[in-house]
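Working notes, structure below.
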Amino acid sequence: MQLRNMAYTRGWKKRYRAEVPVISVGNISTGGTGKTPVAEYLLALCAAQGVRAAYLSRGYGRRSRGYLLVPPQAVAAVRYGDEALQVARKFPNMAVAVCEDRRQGIRQLLATYRPRLIILDDAFQHRKVQRELDLLVIDANRLPTQDLVLPAGNLREFRSGLKRADLLIVNKLSSPAQIPAIRQALARYGRPLCFCRPVQLGIYHWEGRLLHAPGDFPGLAAVVFSGIGNNDFFVQQLAAAGIRVLATQAYRDHYRYRSADLEALCRLYERWQHEQPLLLTTEKDRCRLLPLLEGERFGQLPFAYTAMGLEWLEGAHLLSGRLEALIKGRE
């Protein structure tokens, strides 16, 4: 890992440079740090400024190969990957594509969509493509300073890799009171810091219509299930919002649901049916469930998902300022 990074840093290995600014949203740890909400935040900023942006992912977990543009109305996460499908549904006017070869994917987007900016998902360790902004997302409750490299720990590379980032975005804070200690722990890497935490925007029926605004959460009952990088954090969030979590079921990250899984969830739901609970999951899980829920067998059950946003506690101006500079710099 060190030799490979040195080769790119010193220019011994060449990097592809696109015609437009490229932003990488990545992490240094395995598991969920909250990259997708950060990417969605950037896309929302671009949309607000009328900037044509594109999102490119490998499409982790998909069974297809090569370059694919993700239609906003698609339901097959198995074809596109759950994260790309989620982004495509949320930003129907933006180009969202998957390709395991990032350079090929960028070239295809430039040729067909002509974006002014491209956001790469999970590309911090992908050194073959040069980018103008490298964002590294960190879980506030699982700092890399307290971890080791795989297989001894959960780090994808050595902690020294933090120095390559242009901005460190510390996500999933439970309280602003955590900021001073985290700032001190990361000070040795000398990188600018942003601090944020996920917030619930609402609970939606699996088809997409709003069921409950955040103010309605206290007292709601739910049987909760998820297959993401940090299932426990999701449950804690719901409980903190006042939702009565009656039972939970955790699956591995990017889990591919089968009919048998939904049958088991239905049996769990029946045990608590007298409480009139929701069968509640994440937006990313909902993308993997769509093909099963669109049939009559499960579609009538109260499956729902939470939509997430970000609350910026410190440093949002650093991110928006860098984005604006990139846009203006290439105009």
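Annotations for the structure displayed:
- Looking only at residues in region 230-259 that are surrounded by 16 or more Cβ atoms within 10 Å (Cβ to Cβ) and out of contact with any strand residue (DSSP E or B) (no Cβ under 9 Å at 6 or more places or on another chain), the one that is farthest from Met308 (Cα to Cα) is Tyr257.
- Members of region 1-51 found to be small (Gly, Ala, Ser) and either closer than 30 Å to Phe234 by Cβ or not assigned by TED's automatic domain parsing to the domain that holds Leu162 (or both), listed by number: Ser24, Gly26, Ser29, Gly31, Gly32, Gly34, Ala39, Ala44, Ala47, Ala48
- Residue match in region 237-259 (condition: of a type in the set (A, V, I, L, M, F, W, C) and closer than 28 Å to Ile23 by Cα): no
- The helices (runs of 4 or more DSSP H) found wholly in region 56-160 and carrying at least 1 residues that are of a type in the set (A, V, I, L, M) and under 30 Å from Trp12 (Cβ atoms) occupy 102-112.
- The one condition in (1) under 26 Å from Gly81 (Cα atoms); (2) in a loop (DSSP other than H, G, I, E, B) that Gln200 fails to fulfil: (2)
- Where helices (runs of 4 or more DSSP H) sit wholly within region 204-302, those with at least 2 residues that are out of contact with any helix residue (DSSP H, G or I) (no Cβ under 8 Å at 6 or more places or on another chain) and among the acidic types (Asp, Glu) occupy 259-271.
- Which listed residue, of Tyr67, Tyr55, Tyr80, is free of Cβ contacts under 8 Å to residues at least 60 places away in the same chain, touching a helix residue (DSSP H, G or I) at 6+ places or on another chain (Cβ under 8 Å) and crowded, with 21+ Cβ neighbours inside 10 Å: Tyr80
The values are calculated or read from the model by the stated rules, or taken from the named source; none is laboratory data. Being a predicted model, the structure only gives us computed values, none of them experimental. All Cβ positions, even for glycine, are placed from backbone atoms using ideal geometry, and neighbour counts span all protein chains on display.
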